[in-house]
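All of the numbers you see were taken from the coordinates with simple rules; none came from a lab. Predicted model, so just to flag it, every value in this text is computed and none were measured. Because the Cβ atoms are built from the backbone with ideal geometry, glycine has one as well, and the counts that use them run over all protein chains shown.
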Amino acid sequence: MNTLSHGLSWVDLRFHGRSQIIATALAQGHGGVAIIDPGPASCLETLELGLQADGVRWPDVRHILLTHIHLDHSGATGTIVRAHPHIKVLVHERGARHMVDPSKLIDSATRIYGDRMQFFWGEVAPVPAGNLTTLKGGEWVEAGGRTFDVAYTPGHASHHVSFFDRSSGIAFVGDTAGVCINHGFVLPPTPPPDIDVEAWRVSVDRILSWSPATLMLTHFGPITSVRPHLAALLDNLGTTSRMALALLNEAGTDEERGAEFATRLRSLLRTQMSESEVMTYVVAAAYEHLFTGLARYWRKKGLAA
Ligand SMILES: [Zn+2]
């Protein structure tokens, strides 16, 4: 058990046997238990072991809070709710319909993972509309024995929200504060389809306005050097987005550009981390996909052909 604060902990889901890739947070209190981002169904056994280690049984779990609906964060939700239909799921209004009908989510992941889809993510089951509570951002929610402030934090995903527990000063930021494993490079995850660099910067300001003592990252774990961490994220977002734009202005196919982007990003990461750490980052955020997301962003802005 990894304690964050009184009644707050997190579980390493050991995604495909690897530690430090996906973390799920738990909040426990008089109002029962809330799970923040349960992760993919392929990690459900590990999540259950984590709950048991924390003395939590499924009937105690009342809420699942989703930062966003990407499968590494939300994939297991439908499977969990089917087995435990008393659980309420909180998700941004833009993501809700894809929880009710995950076919688009499955299609877009299948385009990337092909026949390894099931192996990577496991089942992606629908969540009945009656189990969903939609969020806009700006409200607060009672879950896990505490009150969370909700903020709309797009940039990584157009339906991303972050949750702030005022009593502990911990902000649950999903992917908005980037990927950072073992105090390494702060990598902005920029997969398709809805990267928005400007919106992301506003979202970081929104998180900073809470003055959080700790950022809880899905990839991976708690960060207490909040301001330097977020400054590094924005710096690196500037770097990777300019790197993608430069490649878009060079000759070649997107496949070639994606491969070149991955090569350049790997050498940038190597300046700060060991080779094995660079490989761990690949599992959390495949570098070629990061190019695809940024390419789409620049083309939407009309700044690349
Ligand atoms: Zn993620």
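Would you look at the GNM of the chain, springs on alpha carbons closer than 10 Å, and say which of G114, G144, G50 moves the most?
Looking only at G114, G144, G50, the biggest GNM fluctuation is shown by G114.
Label-point separation (nm) for S276 and Q52, each offset 7 Å from Cα along Cα-to-Cβ?
A separation of 2.9 nm, rounded to one decimal place.
When a/c reaches 1.5 or more, the comparison of a/b and b/c decides; with that in mind, is the range 26-133 rounded, prolate or oblate per its Cα gyration tensor? Intermediate values should be presented prior to the final figure.
Details: a/c = 2.25, a/b = 1.43, b/c = 1.58.
Oblate, since a/c reaches 1.5 and b/c is not below a/b.
Could you tell me which of rounded, prolate or oblate describes the range 149-305, using a ≥ b ≥ c as the square roots of the eigenvalues of the alpha-carbon gyration tensor, with rounded for a/c under 1.5 and, failing that, prolate when a/b is larger than b/c and oblate otherwise? Write down the numbers at each step before the final one.
On the way: a/c = 2.41, a/b = 1.47, b/c = 1.65.
Oblate, because a/c is 1.5 or more while a/b does not exceed b/c.
What distance in nm separates the two pseudo spin-label positions at D205 and A231, each 7 Å out from Cα along the beta-carbon direction?
1.8 nm
If amide H atoms are built 1.01 Å from N in the plane of the peptide, which residues on other chains or at least 5 residues away come under 5 Å of the amide H of G32?
Excluding prolines and chain starts, which carry no amide H, the hits are G145.
Let me know the volume per residue of the alpha-carbon convex hull for the range 178-232, in Å³. Present the calculation step by step, with values, prior to reporting the outcome.
Values: hull volume 4.4 nm³, N = 55.
Looking at the range 178-232, the number lands at 80 Å³ per residue.
What does the charge count around H16 come to, taking other residues whose C-beta lies under 15 Å from its C-beta (Lys +1, Arg +1, Asp -1, Glu -1)?
Details: positive: R14, R18, R116; negative: D12, E45, D72.
Charge balance near H16 sits at 0.
Using θ = phi - 60° and the Karplus form 6.51 cos²θ - 1.76 cosθ + 1.60, what ³J(HN,Hα) does each residue of the range 295-302 get, whole Hz, x for Gly and Pro?
4, 4, 4, 5, 5, 4, 6, x
Under a 5 Å amide H to amide H cut-off, with H placed in plane at 1.01 Å, what residues pair with L135 once short-range neighbours are removed?
Placed amide hydrogens put V91, H92, E93 under 5 Å from L135.
Over all Cα pairs of the chain, how is the pair count split among 10 Å bins, expressed in % and running from 0 up to the last occupied bin?
6, 29, 38, 21, 5, 0
Any chance you could check the Cα centroid distance between the range 48-75 and the range 124-158 for me, in angstrom?
Centre-to-centre (Cα) distance: 14 Å.
Report the FRET efficiency, 1/(1 + (r/R0)^6), for A83 and H289, where r is their Cβ-Cβ distance and R0 is 30 Å, rounded to 0.05.
Values: r = 31 Å, r/R0 = 1.04.
Efficiency for this residue pair is about 0.45.
With springs connecting C-alpha atoms under 10 Å apart, model the chain as a Gaussian network and identify which of H68, H86, H289 has the largest mean-square fluctuation.
H86
Based on DSSP H runs of at least 4 residues, each adding -39500 (n - 2.57), what is the mean residue ellipticity at 222 nm of the chain after dividing by all its residues, to the nearest 500 deg cm²/dmol? Write down the numbers at each step before the final one.
Working: 11 runs with 121 residues, N = 305.
One gets -12000 deg cm²/dmol as the mean residue ellipticity at 222 nm.
Given the C-alpha centroids of the range 238-305 and the range 172-234, what is the distance between them in whole angstrom?
Cα centres, the range 238-305 to the range 172-234: 18 Å.
For Cα pairs less than 8 Å apart in space and 6+ apart in sequence, what is the mean separation divided by the residue count of the chain, i.e. the relative contact order in percent? Mind showing how you got there, number by number?
Values: 629 pairs, mean separation 46.9, N = 305.
In percent, rounded to a whole number, it is 15.
So what J values fall out for the range 44-57 if you push phi through Karplus, 6.51 cos²θ - 1.76 cosθ + 1.60 with θ = phi - 60°, rounded to Hz, Gly and Pro as x?
Karplus values, whole Hz, x for Gly and Pro: 4, 4, 5, 4, 4, 4, x, 4, 4, 4, 8, x, 9, 10.
Can you give me the long-range amide H partners of F172? Hydrogens built in the peptide plane at 1.01 Å from N, cutoff under 5 Å, separation of 5 or more residues or another chain.
When sequence neighbours closer than 5 places are left aside, the close amide H contacts are F163, F164, D165, M216.
Which is farthest toward the positive dipole end of the chain among N236, S103, F119, measuring Cα position about the Cα centre, with Cβ charges +1 (Lys, Arg) and -1 (Asp, Glu)?
Ranked along the dipole, the leading option is N236.
Tell me, what HN-Hα J-couplings in whole Hz come from the Karplus equation 6.51 cos²θ - 1.76 cosθ + 1.60 at θ = phi - 60° for each residue of the range 210-218, using x for Gly and Pro?
6, 6, x, 7, 9, 9, 9, 9, 5
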